[in-house]
């Protein structure tokens, strides 16, 4: 089992997240020893599209990219569409990606990466309806179970979660990707 002890992972989400895409990666990283922190637009509790609830650890306005070793962006159409409208969330995502920290993104979660302008020259997968948005943002889009491009781990749907979680944990263990360091 990969040991992530001492690693802090930010999960950026809001109401309407895809339950399995938050809870399954959360379990994968915490069972490997990492500390997971839910970062959202407001303090309190957020609710997934299937009714799951999660307690917010810190708001996007308070979050500091330097406090985290990795980032996870769960999907869910409502979550993903709403979170990218939050300037603080976009800034946090941009800072973490720019710092070459491992990033896991699944399904519609990739929308915020387009808003953060961090996709030029990257290869990514997502839910198929995001293909045009992601390619217009400069990414090469592929239809694969899991794609890893220099620490950016992406998958399409909840059915890809086993492969996504395995690759995510591996990338978090590796840490900052040297080819991406500024």
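The values are calculated or read from the model by the stated rules, or taken from the named source; none is laboratory data. Note that the structure is a prediction, hence the values are computed from the model and not measured. We place every Cβ from the backbone using ideal geometry, glycine too, and count neighbours over all the protein chains shown.
Among residues of the stretch 1-29 that are over 19 Å from residue 64 (Cβ atoms), none has a Cβ under 6 angstrom from a residue that is assigned to a loop (DSSP other than H, G, I, E, B) and at pLDDT below 95 at a sequence gap of 6+ or on a separate chain.
Scan the stretch 142-153 and tell me whether some residue there is closer than 14 Å to residue 13 by Cβ, touching a residue at least 12 places away in the same chain (Cβ under 8 Å) and in contact with a strand residue (DSSP E or B) (Cβ under 7 Å, 6 or more places away or on another chain). Quick ask: steps written out before the conclusion?
As a first pass, look at the stretch 142-153 and keep what is closer than 14 Å to residue 13 by Cβ: none.
No - not one qualifying residue is present in the stretch 142-153.
Are any of the residues in the stretch 132-143 in a loop (DSSP other than H, G, I, E, B) and either touching a helix residue (DSSP H, G or I) at 6+ places or on another chain (Cβ under 6 Å) or within 16 Å of residue 21 (Cβ to Cβ) (or both)? Checked the stretch 132-143: at least one residue is in a loop (DSSP other than H, G, I, E, B) and either touching a helix residue (DSSP H, G or I) at 6+ places or on another chain (Cβ under 6 Å) or within 16 Å of residue 21 (Cβ to Cβ) (or both). Only residues that are part of a loop (DSSP other than H, G, I, E, B) and crowded, with 19+ Cβ neighbours inside 10 Å were counted in the stretch 1-14, giving 4. Selection over the stretch 47-82 of residues that are touching a residue at least 24 places away in the same chain (Cβ under 8 Å) and either out of contact with any helix residue (DSSP H, G or I) (no Cβ under 9 Å at 6 or more places or on another chain) or over 18 Å from residue 9 (Cα atoms) (or both) gives a count of 14.
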